[in-house]
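Participant: Have a look at the structure that comes next, please.
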Amino acid sequence: MPVKRITIRDHSAEANLFARRSLIALLGIGALLFVLVSNLYYLQVTRFQDYQTRSNGNRIKILPVAPNRGLIYDRNGVLLAENRPSFSLEVIPEEVEDLDATLAALSDLLSISVEEMEDFRQELKSQRRFKPVALRNRLTEQEVALFAANQHKYPGVSVEARLTRHYPYGETLTHMLGYVSKINKRDLQKLTEAGQEDNYAATYNIGKLGVEKFHEDSLHGVVGYQEVEVNNQGRIIRTLEFQPPVPGEDLVLNVDVRLQQVIRNLMENYRGSVVAIDPRDGGVLALYSNPSYDPNLFVHGISSKAYAKLQSNDSPLLNRATQGQYPPASTVKPHLALLGLEEGVITPQTRLFDRGTYQLKNVQRPWRDWKKWGHGWVDVTKAIEVSCDTFFYDLAYRLGIDSISTLMSEFGFGDYTGIDLYEESDANLPSRGWKRARHNQPWYIGDTINVGIGQGLWTTTPLQLAKSVTVLVNKGTRYVPQLLRGRYQEGQIVATPPKELAPMQLKDPLNWEVVLDAMYGTVNREHGTARKAFIDTPYVSAGKTGTAQVISIAEDEEYDAEKIAERHRDNAMYIGYAPYDNPQIVVTVAMENAGGGSSQAAPIARAVMDYYFDKDKLNLVLNKNETQQD
Amino acid sequence: MKRSRIDPNRVSLWQRLHIDLPLLLGLLVLMGVGLFVIFSAGGQDWDLINRQLVRLAIALAVMILVAQIPPLVYRSLSIHFYIAGLLLLVAVLAFGDIGKGAQRWLDLGFMRFQPSEIMKLAVPMMMAWYISRYNLPPRFMHILAGFVLVMVPTLLIAKQPDLGTSLLIASSGLFVLFLAGVSWKLIGSVAVLLSGFTPIMWFFLMQDYQKQRVLTFLNPESDPLGSGYHIIQSKIAIGSGGYSGKGWLHGTQSQLEFLPERHTDFIFAVFSEEFGFVGILALLVLYGFILIRGMTIAMRAQEAYSKLLAGSITLTFFVYVFVNMGMVSGILPVVGVPLPLVSYGGTSMVTLLAGFGMLMSIGTQRRLLSRQ
């Protein structure tokens, strides 16, 4: 290349210039490095703590670990509520990019019904965006495998394995055990108020009914924590620290599931309930309400269709044993008799001639005995044995309502029994004050007469009745009916002490004997109303029948069960206990619109007692039902 | 130069091989550091290390090869190199492959390469050749012409768009002008003009993604999950490294993949997290050593072309370091510039070492030149 330059290059000047510029460049570099290093110093030394915190915040997540729910056993160690592993498909709405597309793709992959989809959408509205919502429950193993192979296509969707509650005896124990179901907004609010929301951070289901609800605190346990290191995808890399959860307590109930199953079979065709209590400690041996339903439906979220079914006329959701309010009818005659004796209104020798009607002065309307032509001469014993109404009309008249309502409350009528269930009604023990407050009406003498045969304004729950019978057979010793028998601790049952109330004191304890003897007569003497039902029992029992009118029958009208609409038929009631001289079981039966107490309710009570005292027969029940389960 | 060592009979073995030993050692140490950090950042993947080793070997071979060619040859080839590079850049814009939203690659059938890489060397060569044809300091007309020579490839590359490379190429050319002794008055006026040019650049020349980068740079927290994520995570990594670092392979930000581009552009964050402030200072000492060595070679060179070329290559190397560390630590916007000799991969490694090859050529062959 030709050089056109003519001027002579001053090489040393150029070298000096270059050297100067180089030094200036190096100085500039030094300045820039100073800025760079200052900033790095600021980041790494001055604000180290801050960035360290943020770095840890990135990588460390605290995950709550749900405690295993306590198991529930019956008194013989039979498992009534267990935890089974179950797989469900869950969606975290926040992490899904296109929810509709994902749902569409998922329903192609795993059959998801329209109903499940609707329920999911419903659930979605009420849940927080970062909380998982179940799309499908109870995935089969094939479905789990199928999803696992395609999981990468669905960010925010995962298969979760968790222990879920299962009730192997299904309908048999529903009203007693209750069930667990998903924690909803209201539950959450309650938990927050109780300061328990952290303890439930990992918990999915909560007790909604029955023992599951009442003993929720014992059954739930204490949440554990897992401190984990996660990567940028949120995937757990390793566990840094683990504080294990404390599992819930395993509970033992007083119930004998075999007896419960016997009752379920007996009651299959009736609306009503049977309660059996051990009078020696108030332990509830059986508590069954029919119709019942499968509690397992609720565990995974009941479908709207299935739930609609439960809203039928037969009210399966109602716990008839504790919430059903029935006129006690003649079953409270022993109680009333005791009251009369105690108040001195009658003596064991007091006699009355029953013509079949009872007439008050100044009142036109006669009260009829159930036996049209009357029972003739009756004393208190016979009056109970034959269930003479007239005797008790007169007794009630002479006692007066104030005395009745005060003393009947001693048996627990008109009050909660205190059983460990939230689903309970206090029913109604009428009084002047109550009628005034409730109906704004004065108390009429006729009201008192009706109360004398356990009708009219008086209602009781079958459990209340059962409790009152335990007071009778215990001659005043009062126990609160209890479902909880004890807790398993390290393989040993630690018994829960029976809840005993202050005993009911009589001026003359012999009065107990009079009444109990009459109940013995009801079952065992010639004219006893329950004699037929209890013929040839290998044990000696005592009891009292009751037949409650559901509608009032006009004075001259004959009661004809055939003609009356099913819903207007009489309720059949029975209270009983056995063995007579050493009571171990108290049974009350309430059957809606079933007819007479002696023909309908007493045989059921007998069957329950038969099974209870024949352990071989009882064991067969359990085996039979277990094979049906599988 | 008055050094007695410059005696034709006492030429050392290294000099005979045209290798500058201190520079070579500095480069090798940095590369070694790089391998360690890549191993950690890449999730202890030996494959990654093997591939990097192959790449380093090729680059070193190229460097040694380039060092054998006397500076005189480079000088005479400067203009051809430059024109060829320019033509290739135009070709890229016309038929180049598009990768990651930018048109940078030219497919020659048997290989793909980025013509902008050629320009990284062609521009300083061309500038050094052009400016050194005249007496220093250069006259205004020559400066203007030189400026055009720099800006044409710069704009072509910025158009691809490849902001990082165009920045490096522009600075390599401007360094030649600066070292040649452009008057301060002129530098001042250009600075003023440039600040006036900024809004024009913003509204007419910059792509949306480039604007976004600048905006994100100014306030990374405004978009913590989007484009600000890189910078935030990178700052967390650096800051949480603290004074002495979390230790090799123990940087949680990188090991748990919170850091993006861990083994490439953001490798400095991994280094800072695991080796801390002390590590950074040591790393800067290494870079500083190479810088000083490069400038020493430039100052010792006897011919203006060599001086300017060596100076430009060395200073541009520093720009690499500064821009990368600056962007990773949040004082500069994110432009795709790797940390030289440490970051994984990149064709830039070969270009970079070819540049060092030229430096070595200038450093070891100056005696021969001075004789001519």
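Participant: Find the sum over both chains of the accessible area lost when B and A are paired, probe 1.4 Å, and report it in Å² to the nearest 100.
Facilitator: Values: alone 17900 and 31710 Å², together 45450 Å².
Buried area (both sides, nearest 100 Å²): 4200 Å².
Participant: For residue A:494 and residue A:62, compute 0.36 nm times the residue count separating them, minus their Cα-Cα distance, and round to one decimal in nm. Before the final figure, lay out each step's value.
Facilitator: Values: separation 432, 0.36 × 432 = 155.52 nm, distance 3.51 nm.
Difference between extended and current length: 152.0 nm.
Participant: Largest first, how would A:615, A:213, A:208 line up by accessible area (1.4 Å probe)?
Facilitator: On the way: A:615 95, A:213 75, A:208 45 Å².
Sorted by accessible area, descending: A:615, A:213, A:208.
Participant: Let me know the Kirkwood hydrodynamic radius for the stretch B:228-298, please, with Cα pairs as the basis and the value in Å to one decimal.
Facilitator: Values: mean 1/r = 0.0799 Å⁻¹.
The answer is 12.5 Å.
Participant: When the dipole is taken about the Cα centre of the protein assembly as shown, and only Lys, Arg (+1) and Asp, Glu (-1) are charged at their Cβ, what size is it in debye, to the nearest 20? Numbers along the way, then the final one.
Facilitator: On the way: 96 positive and 94 negative charges, 1369 e Å.
Value, rounded to 20: 6580 debye.
Participant: On to the next question. What number comes out for the charge environment of residue A:479, summing +1 per Lys or Arg and -1 per Asp or Glu over other residues with Cβ under 11 Å away?
Facilitator: Numbers: positive: A:280, A:467, A:478, A:499; negative: A:278, A:281, A:500.
Value of the local net charge: +1.
Participant: Looking only at other chains, what is the average number of their beta-carbon atoms within 10 angstrom of each beta-carbon in A:48-56?
Facilitator: On the way: counts 7, 3, 3, 10, 6, 3, 8, 14, 3.
Across the residues of A:48-56, the mean count of other-chain Cβ atoms within 10 Å is 6.
Participant: Still on this model: Provide a list, ordered by number, of residues in the stretch B:290-324 showing at least 10 Å² less accessible area with every protein chain present than when their chain is taken on its own, using a 1.4 Å probe.
Facilitator: The answer is B:291, B:292, B:295, B:299, B:302, B:304, B:307, B:315, B:318, B:322 - residues whose exposure falls by at least 10 Å² when every protein chain is included.
Participant: Per residue, what accessible area does the stretch A:62-253 have, given a 1.4 Å probe and all protein chains present, in Å²?
Facilitator: I get 50 Å² per residue for this part.
Participant: Could you give the radius of gyration (one decimal) and Dmax (whole number) of the Cα atoms in the stretch B:17-366, in Å?
Facilitator: That works out to 20.1, 57 Å for Rg and Dmax.
Participant: Determine one quarter of the surface area of the Cα convex hull of the stretch A:7-68, which equals its mean projected area, and express it in nm² to one decimal. Provide the component values of the computation, followed by the final result.
Facilitator: Working: hull surface 30.4 nm².
Across all orientations, the stretch A:7-68 yields a mean hull projection of 7.6 nm².
Participant: When averaged across all projection directions, what area in nm² does the alpha-carbon convex hull of chain A cover?
Facilitator: Its Cα hull, projected and averaged over all orientations, spans 47.2 nm².
Participant: Here's another thing I want to ask about it. Could you give the size of the charge dipole of the stretch A:62-253 about its Cα centre, using +1 on the Cβ of each K and R and -1 on the Cβ of each D and E, expressed in debye and rounded to the nearest 20? Numbers along the way, then the final one.
Facilitator: Numbers: 21 positive and 30 negative charges, 41 e Å.
Magnitude of the dipole: close to 200 debye.
Participant: Shifting gears a bit: Rounded to the nearest Å, what's the spacing between the alpha carbon centres of the stretch A:463-503 and the stretch A:137-169? Just the number, please.
Facilitator: The two parts, judged by their Cα centres, are 43 Å apart.
Participant: How are the Cα pair distances of the stretch A:210-297 distributed, in percent, across 5 Å bins from 0?
Facilitator: Result, from short to long distances: 3, 11, 13, 14, 13, 10, 8, 7, 5, 6, 7, 3, 0 percent.
Participant: Going by average Cβ density within 10 Å per residue, which order do the peptides A:455-464, A:158-167 take, highest to lowest? Intermediate results must be reported in sequence, preceding the final value.
Facilitator: Values: A:455-464: 25.9, A:158-167: 17.5.
In descending order of packing, they fall as A:455-464, A:158-167.
Participant: Also, quick follow-up: Over its Cα atoms, what ratio of radius of gyration to 2.2 N^0.38 Å does the stretch A:62-253 give? All intermediate terms of the calculation are to be shown ahead of the outcome.
Facilitator: On the way: Rg = 17.8 Å, N = 192, 2.2 N^0.38 = 16.2 Å.
With N residues counted in the stretch A:62-253, Rg over 2.2 N^0.38 Å equals 1.10.
Participant: Whenever you get a sec, compute what percent of the accessible area on the stretch B:17-366 sits on carbon and sulfur atoms (1.4 Å probe). Mind dumping the intermediate values first?
Facilitator: Working: 9880 of 13730 Å².
After summing per-atom areas, the C and S share lands at 72 percent.
Participant: Then there is this: Give me the 1.4 Å probe accessible area per residue for the stretch B:214-354, excluding ligands and nucleic acids, in Å². Numbers along the way, then the final one.
Facilitator: Values: 3980 Å² over 141 residues.
Accessible surface, normalised per residue, equals 28 Å².
Participant: Still on this structure: Figure the gain on full extension for residue A:236 and residue A:568 (residue separation times 0.36 nm, minus the Cα-Cα span) and round it to one decimal in nm. Mind dumping the intermediate values first?
Facilitator: Working: separation 332, 0.36 × 332 = 119.52 nm, distance 6.48 nm.
113.0 nm is the gain from fully extending residue A:236 to residue A:568.
Participant: Roughly speaking, what % of Cα-Cα pairs in the stretch A:257-629 are separated by over 37 Å, rounded to a whole number? Don't skip to the end; give the middle numbers.
Facilitator: Values: 12398 of 69378 pairs.
That tail contains 18 percent of the Cα-Cα pairs.
Participant: Which of the lysines could a cross-linker span from residue A:61 if the Cα-Cα distance has to be under 29 Å and same-chain partners fewer than 8 positions apart are dropped?
Facilitator: A:125, A:131, A:153, A:182, A:185, A:190, B:235, B:246
Participant: Can I ask one more? With the solvent-accessible surface defined on protein heavy atoms using a 1.4 Å probe, which residues belonging to the stretch B:250-264 display a reduction of at least 40 Å² in accessible area in the multichain context relative to the isolated chain?
Facilitator: B:252, B:256, B:257, B:258
Participant: Mind jotting down the distance between the C-alpha centroids of the stretch A:583-622 and the stretch B:237-268, whole Å?
Facilitator: Distance between centres, Cα-based: 76 Å.
Participant: So what are the radius of gyration and Dmax for the Cα set of the stretch A:358-444, in Å?
Facilitator: Every Cα atom of the stretch A:358-444 included, Rg and Dmax give 16.3, 48 Å.
Participant: Between the alpha-carbon centers of the stretch A:360-414 and the stretch A:198-241, tell me the distance in whole angstrom.
Facilitator: A separation of 59 Å, based on Cα centres.
Participant: In addition: I'd like to verify something in chain A: which complete DSSP H helices, judged by Cα projection on the helix axis, reach 24 Å or more and average at least 1.0 on the Kyte-Doolittle scale?
Facilitator: On the way: long enough: A:11-41 (43 Å, 1.14).
Passing helices, by number: A:11-41.
Participant: Right, another one. Give the carbon-plus-sulfur fraction of the accessible surface of chain A in %, rounded to a whole number; probe 1.4 Å, heavy atoms of protein chains only.
Facilitator: Values: 14820 of 29530 Å².
Answer for chain A is 50 percent, counting heavy atoms of protein chains only.
The values are calculated or read from the model by the stated rules, or taken from the named source; none is laboratory data. Keep in mind that this is a model prediction, so the values were computed, not measured. All Cβ positions, glycine included, derive from the backbone under ideal geometry; neighbour counts span all protein chains shown. Quick note on the areas: whole protein, heavy atoms, side chains included, nothing else; ligands and nucleic acids left out. Shrake-Rupley method; radii C 1.70, N 1.55, O 1.52, S 1.80 Å.
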